[in-house]
Amino acid sequence: MYQWRVDHVRAAEAAEDVRLSDEQALRASLDGDVQAFGVLVERYQEVAFRAAYLVTRDAGAAEDVCQEAFLRAHGHLGRFRLGEPFRPWLLRIVTNQAKNHVRSRGRREGLLARLRPRAAEVASGPEREVEAAERKEQVLEAMNRLSLEDREVLYLRHFLDLPEREIAEVIGKRPGTVKSRLSRARGRLRTVIEERYPALAAEEMGMTDA
């Protein structure tokens, strides 16, 4: 179903032969036995997928969520309290991952929806705004020469007017990272504008300023 299963299915089948209980498999996993964790993956992958699908309503997304959830569970086994049920702990990780996926998807879809009206406003503006629209078009053409990461932060900051803290939530980065990415993106945009649109570069372009 997903990569963890592909990587560990043989090991899981071998370990399953000894009929490990959850606690035995967990103790062995904590001791570094990958085969033992494969038993848990095989045992709970179906219920994990169902839980993820109920939240995401998308089979492909649910598989991705489960893959990440099992990886996270394996990486955080040290936080699990032996003696407690494993399934609820695992499903909490799965559902949290699924909700994060849905929130992220919703933000991105919302951003696209918010971008469309802005484009329509530029296209239907009065004649006295044509010159400004042409300048904006040149800026957009310059931005298209930047990397996707640079374009993303510039769009969010200067087209949607999002503050740095909100941008950090949208792209899943720390505010300090957003600030540095914006600074670098503005610098690269300024370089492109100066090289390709010298007349535009002579004007005061807020998008290339901090």
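Residue count for segment 81-106, restricted to those that are loosely packed, with under 13 Cβ neighbours inside 10 Å and either closer than 19 Å to Glu63 by Cβ or among the hydroxyl-bearing types (Ser, Thr, Tyr) (or both): 1.
Kindly establish whether Phe70 is surrounded by fewer than 17 Cβ atoms within 10 Å (Cβ to Cβ), of a type outside the set (D, E, K, R) and within 22 Å of Asp22 (Cα to Cα). The answer is no for Phe70.
Give me a count of the residues in segment 65-86 that are in contact (Cβ under 8 Å) with a residue 60 or more places away in the chain and either more than 19 Å from the chain's Cα centre (by Cα) or closer than 19 Å to Gln24 by Cβ (or both).
4
Picking from residues in segment 17-34 that are on the phi < 0 side of the Ramachandran plot and within 30 Å of the chain's Cα centre (by Cα), the one that is modelled with the lowest pLDDT is Val34.
The values are calculated or read from the model by the stated rules, or taken from the named source; none is laboratory data. Values in this document were obtained by computation on a predicted structure and should not be read as measured data. Glycine gets a Cβ as well: all are built from the backbone with ideal geometry, and neighbour counts include every protein chain shown.
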